[in-house]
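Structure first, commentary second.
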Amino acid sequence: MRIADIYKTVEPVLSLEVFPPKPGYSLKTVFHTLDGLVDLNPSFVSVTYASQGESTNRTVDIASRVRDQYHCESLAHMTCIGHTRKEVSSVLDNLEVHSVRNVLALRGDMPSDPSEVRLSRDYHYASELIAEIASRGSFCVGAAAYPEGHIESRRISHDLDNLKGKVDAGAEFLITQLFFDNRIFYDFMERVRYRSIQVPVVPGIMPILNYKQIKRILMMCEVSIPAKLLNMFDKYSHDPADLAKAGIDYAIEQISDLVDEGAQGIHLYTMNRIPQIREIIFRSGLRGKSE
Ligand code: FAD
């Protein structure tokens, strides 16, 4: 089913993101995650993609098995920064062969050392990939959105112009980068709608489960940390178990508030964690225990 249509039928839509293990590691871990979460009946599962292409086949393989073995709709992420047009075309052919018809089209992160990585001359921005995938007519295309602006953006208004460009190029739904302050998301939504971006914009929620994780997130995305969350880190910095519990409570509060305010969906970054994600889904009321 086209994911854009799922957002027309059910509210709020629950989706889960999983990632393929690093190259050289068995795919078992991701299937273990799926074994532990699919009974919650997510509306779709998205599978991330390594920018430099080493997980190309893994993403396609996992996304197709989500459909065929787990009978759940799948969304394959795809980046273009390290690919030629020919390579992109071959990945899309492969997705078509495996009947994966939903793609989250991304540029991919710029490598910290560009000399180490081949950058594409064919693609500079996600909008080019979106236009190309949409022109095939066989895929429903989604894109990324940044409530606090993309890390490279000098102004949030520029980022919003570029977001409109992605929708105009063919993106039919948007999934946001993680954020920890819902007010930022609500303000962002006002700006998005003011710019006549009418497609579903789905908040991406990442529960904080350990201290190392938050440092990594801040380095990668530069998102704001509300005082409440900061106090939580101070209070539980020497108690990993209590920090994880508090992180789960925080995510549940965030989700409940978003749902109360009419979010069309919740996209959970699972980090391949099973018990914590189950607890969040049950306690926030996204799914009942019997499901
Ligand atoms: P773009 O939309 O191309 O934007 C990149 C930057 O360029 C922004 O600052 C934007 O404002 C600017 N820009 C865009 N168009 C123009 C233009 N025409 N002129 C000037 N500036 C422009 N990465 C992965 O490697 N694999 C994944 O699986 C993955 N999944 C993700 C899922 C989600 C929900 C999100 C939010 C991000 C994900 N990422 C993933 C990270 C993403 O690849 C990075 O954030 C990347 O740096 C930007 O990708 P984009 O598609 O948003 O790029």
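Structural remarks
- His98 vs. criteria at negative phi, away from the ligand (no atom under 11 Å from the Cβ) and touching a Gly at 6+ places or on another chain (Cβ under 9 Å): no
- Contacts under 7 angstrom Cβ, first residue in segment 146-163 being near the ligand (Cβ under 9 Å from one of its atoms), partner hydroxyl-bearing (Ser, Thr, Tyr) and part of a loop (DSSP other than H, G, I, E, B), 6 or more apart: Asp159/Tyr146; Asp159/Ser153
- Qualifying helices (runs of 4 or more DSSP H) (wholly inside segment 200-291; at least 3 residues being under 18 Å from the mean Cα position of the chain (by Cα) and modelled with pLDDT under 95): 211-221
- Looking across segment 101-116, the residues that are under 20 Å from Ala144 (Cβ atoms) and either part of a helix (DSSP H, G or I) or within 16 Å of the ligand (Cβ to nearest atom) (or both) come down to Asn102, Val103, Leu104, Ala105, Leu106, Arg107, Gly108, Asp109, Met110, Pro111, Ser112.
- Selection over segment 132-145 of residues that are touching a helix residue (DSSP H, G or I) at 6+ places or on another chain (Cβ under 6 Å) and not small (Gly, Ala, Ser) gives a count of 3.
- Screening Lys215 with (1) free of Cβ contacts under 8 Å to residues at least 40 places away in the same chain; (2) near the ligand (Cβ under 9 Å from one of its atoms) gives one miss only, at (2).
- Among the conditions (1) more than 8 Å from the ligand (Cβ to nearest atom); (2) part of a helix (DSSP H, G or I), the only one that Ser127 does not satisfy is (1).
- Thr84 vs. criteria within 27 Å of Gly165 (Cβ to Cβ) and modelled with pLDDT of 90 or more: yes
- Residue count for segment 164-184, restricted to those that are away from the ligand (no atom under 11 Å from the Cβ) and touching a helix residue (DSSP H, G or I) at 6+ places or on another chain (Cβ under 7 Å): 4.
- Annotation for segment 16-35: at least one member residue is touching a strand residue (DSSP E or B) at 6+ places or on another chain (Cβ under 8 Å), within 11 Å of the ligand (Cβ to nearest atom), over 15 Å from Ser99 (Cα atoms) and at pLDDT 95 or above.
The values are calculated or read from the model by the stated rules, or taken from the named source; none is laboratory data. All figures in this text were calculated on a predicted structure; none of them were measured in a lab. Backbone-built Cβ (ideal geometry, glycine too); neighbour counts: all protein chains shown.
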